[in-house]
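Have a look at the structure below, then the notes.
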Amino acid sequence: MTPMVDVRAAHKMFGDLHVLKGVDLTVAAGEVCVVLGPSGSGKSTLLRCLNELEVLTGGSVRIDGELLGYRKDSSGALHRLHPKAIARQRARIGMVFQRFHLFPHMTALENVVEAQVQVLRRPKAEARSKATELLERVGLSDRMGHYPAQLSGGQQQRVAIARALAMDPEIMLFDEPTSALDPELVGEVLAVMKDLAAGGMTMVVVTHEIGFAREVADHVVFMDEGVVVEEGPASQVIDAPAHERTREFLAHVL
Ligand SMILES: Nc1ncnc2c1ncn2[C@@H]1O[C@H](COP(=O)(O)OP(=O)(O)OP(=O)(O)O)[C@@H](O)[C@H]1O
Ligand SMILES: [Mg+2]
């Protein structure tokens, strides 16, 4: 079986700063992979390389077998893809950030409609019906006409998730989706993510929510200083970590 996400020997430099130092990561279709690690370990950088917000300095990312960002010619040489082709690849990968980045002058519904029309060229009526369905799915059927400023952080994040889902992504990436939220709003966002996982979505989730990782993750990865220190099921990485660095980190967040 071709993995949905296949990262090989990923390196990322920002100038002299070596942030990813040979990361390998495989996520099967339908799997939920939770990435843990201290601040600055490279978690966001890894996610950003998965949806081509950043370009790797070395190594490769394949999504469902397709090389991201490059095509190989008959001699095996790599050529950077045209920006349009990269945009097509990026559309297959949904991303949800810590900050929701909704358009403030658009209602919840309009926020979920926008990219469907602009990027996918979907007819407006179809985009609206899809947006309505997704906002219902994330529990916001009574908030569709509200502007972001009229919504709680948890509601805004659920709109952001609906907006990403509206593009029919094959994979969803989440970068600390609940860490900007008041504690009482975290649960409603995690519930939507659990529902998505139960529906078979392939997900890579950077989070400090250890309970979520235990309950939902098929696969937990612990990163530190740009490398994967250990990985495996939650029962292993969280409950019986093999490495001192993992134990130290868990002692902080638990
Ligand atoms: N665009 C950039 N230019 C220069 N350095 C960067 C850039 N993005 C990230 N870095 C650096 O790369 C390192 C890893 O950052 P990254 O955001 O991936 O860490 P992280 O594990 O997501 O941390 P956190 O838990 O704080 O979000 C940090 O030292 C950061 O300052
Ligand atoms: Mg980060």
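Just one of the numbered conditions (1) more than 16 Å from ligand 2 (Cβ to nearest atom); (2) crowded, with 17+ Cβ neighbours inside 10 Å; (3) closer than 30 Å to residue 238 by Cβ is not true of residue 34; which one?
(1)
Across the range 57-84, what is the total count of residues that are touching a residue at least 40 places away in the same chain (Cβ under 8 Å) and part of a strand (DSSP E or B)?
Result for the range 57-84: 6.
Residue 181 passes all but one of (1) over 15 Å from the mean Cα position of the chain (by Cα); (2) away from ligand 2 (no atom under 16 Å from the Cβ); which number fails?
It fails just one condition, (2).
Residue by residue, here is whether (1) in a loop (DSSP other than H, G, I, E, B); (2) hydroxyl-bearing (Ser, Thr, Tyr); (3) out of contact with any Pro (no Cβ under 9 Å at 6 or more places or on another chain) holds:
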residue	(1), (2), (3)
35	no, no, yes
41	yes, yes, yes
46	no, no, yes
55	yes, no, yes
125	no, no, yes
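If we scan the range 39-50, do we find a residue that is touching a helix residue (DSSP H, G or I) at 6+ places or on another chain (Cβ under 8 Å) and free of Cβ contacts under 8 Å to residues at least 60 places away in the same chain?
No, that holds for no residue.
So which residues in the range 45-87 are farther than 18 Å from residue 7 by Cβ and out of contact with any Phe, Trp or Tyr (no Cβ under 9 Å at 6 or more places or on another chain), if there are any at all?
71, 73, 74, 75, 76, 77, 82, 83, 84, 85, 87 - these are the residues of the range 45-87 that are farther than 18 Å from residue 7 by Cβ and out of contact with any Phe, Trp or Tyr (no Cβ under 9 Å at 6 or more places or on another chain).
Out of 59, 40, report the one residue that is farther than 30 Å from residue 252 by Cα and either out of contact with any Ser or Thr (no Cβ under 9 Å at 6 or more places or on another chain) or surrounded by fewer than 16 Cβ atoms within 10 Å (Cβ to Cβ) (or both).
Just one listed residue meets the conditions, 59.
Does residue 136 satisfy the criteria of being without any contact (Cβ under 8 Å) to a residue 24 or more places away in the chain, more than 29 Å from residue 85 (Cβ to Cβ) and of a type in the set (Asp, Glu)?
For residue 136, the condition - without any contact (Cβ under 8 Å) to a residue 24 or more places away in the chain, more than 29 Å from residue 85 (Cβ to Cβ) and of a type in the set (Asp, Glu) - is met.
Please list, ordered by residue number, the helices (runs of 4 or more DSSP H) wholly in the range 160-254 having 1 or more residues that are touching a strand residue (DSSP E or B) at 6+ places or on another chain (Cβ under 9 Å) and within 16 Å of residue 94 (Cα to Cα).
Hits in the range 160-254: 183-198.
Read-outs throughout are calculated quantities, based only on the coordinates presented, and are distinct from any laboratory measurement. Worth saying up front: this structure is predicted, and the values here are computed from it rather than measured. We place every Cβ from the backbone using ideal geometry, glycine too, and count neighbours over all the protein chains shown.
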